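For reference, the structure is listed below as structure tokens.
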Amino acid sequence: MADKQLDVLVICGSLRKGSYNAALARSLPALAPPGLAMRPAPAFAGLPIYNFDEHQASGIPPIAVAWAQAIRTADAVVIVSPEYNWSIPGGLKNAIDWVSRLKDKEQPFAGKPVALQSAATGLLGGSRMQYHLRQSLTSIDAVMFPKPEVIVTFAAKKFDEKTLELTDQPTRDMIKLQLEAFERFARRLAAA
């Protein structure tokens, strides 16, 4: 396992094309250590709002099945998400709710190492969302990476206005530190 490149699924919690969080997620492959292969998760847009009655009548929607399979086959997951109203964006939380309804042995987040990142235009950088997402994922047995945290504050000053490329070097350095530590964390879990 030490020689194998880890397959890391990157989930973006924003559906916006011009999202700072989507831009942050796109920057990860270039900032990751050689031992991590970062790949984007399938989109969760179009998932119906979770409804137990619909679930019982129609089963798990194909979008949720594909999302769960991508999580299940990855060695680790990084979630990059904005904060909506001090919490998790509804679309992301809905996708998590759908995959959490899979049978216990099929629940894709169980035992999976997960790191969080967020970007926002304000002072707190999405930190409240991270706190809530950490709670939600812990409830379905994800193994949460503790630190260093990536909380990108005042995002408009850290991304190129036209290309949305992450240009702030201290932020780039913090992401590199997090991903290096996350690789060690994921490898320790895999060896246990």
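Ranked by solvent-accessible area (1.4 Å probe, protein heavy atoms only, all chains present), the residues 140, 79 order from largest to smallest as 140, 79.
What are the trypsin sites (Lys or Arg not before Pro) within the range 126-192 that DSSP puts in a loop, where the Cβ has at most 14 other Cβ atoms within 10 Å?
Values: sites: 128, 134, 157, 158, 162, 172, 176, 184, 187, 188; in loops: 158, 162.
Listed in order of number, the matching sites are 162.
Relative contact order of the chain: 24 percent, from C-alpha pairs under 8 Å at least 6 residues apart in sequence. One quarter of the surface of the convex hull around the alpha-carbon atoms of the chain equals 10.5 nm², the direction-averaged projected area.
Relative to the current alpha-carbon distance between residue 15 and residue 189, full extension at 0.36 nm per residue lengthens the span by 59.6 nm. For GluC sites (Glu not before Pro), the sites in the range 100-189 that DSSP calls loop and that have at most 13 other Cβ atoms within 10 Å are 161, 165. What a 1.4 Å probe finds exposed on the chain is 55% carbon and sulfur by accessible area, rounded to a whole percent.
Spin-label model, residue 177 to residue 7: label points 7 Å out along the Cα-to-beta-carbon direction sit 3.2 nm apart.
Take every DSSP beta bridge whose two residues both sit in the range 37-192, then give the antiparallel share in percent to the nearest 5. In the range 37-192, DSSP labels about 20 percent of beta bridges as antiparallel. In a fully extended conformation the segment linking residue 45 and residue 163 would gain 40.1 nm over its present Cα-Cα distance, using 0.36 nm per residue. Computed from the C-beta positions of residue 56 and residue 138, the FRET efficiency with R₀ = 25 Å rounds to 0.40. Among the helices of the chain, those built from whole DSSP H runs whose Cα atoms reach 27 Å or more along their own axis and whose mean Kyte-Doolittle hydropathy is at least -1.0 are 169-191.
The values are calculated or read from the model by the stated rules, or taken from the named source; none is laboratory data. The structure presented is a predicted model; accordingly, all values stated were derived computationally and were not measured. Counting neighbours? That spans all protein chains shown, and the Cβs are built from the backbone with ideal geometry, glycine included. Just so you know, the surface numbers come from the protein's heavy atoms only, side chains and all, with ligands and any DNA or RNA stripped out. Shrake-Rupley method; radii C 1.70, N 1.55, O 1.52, S 1.80 Å.
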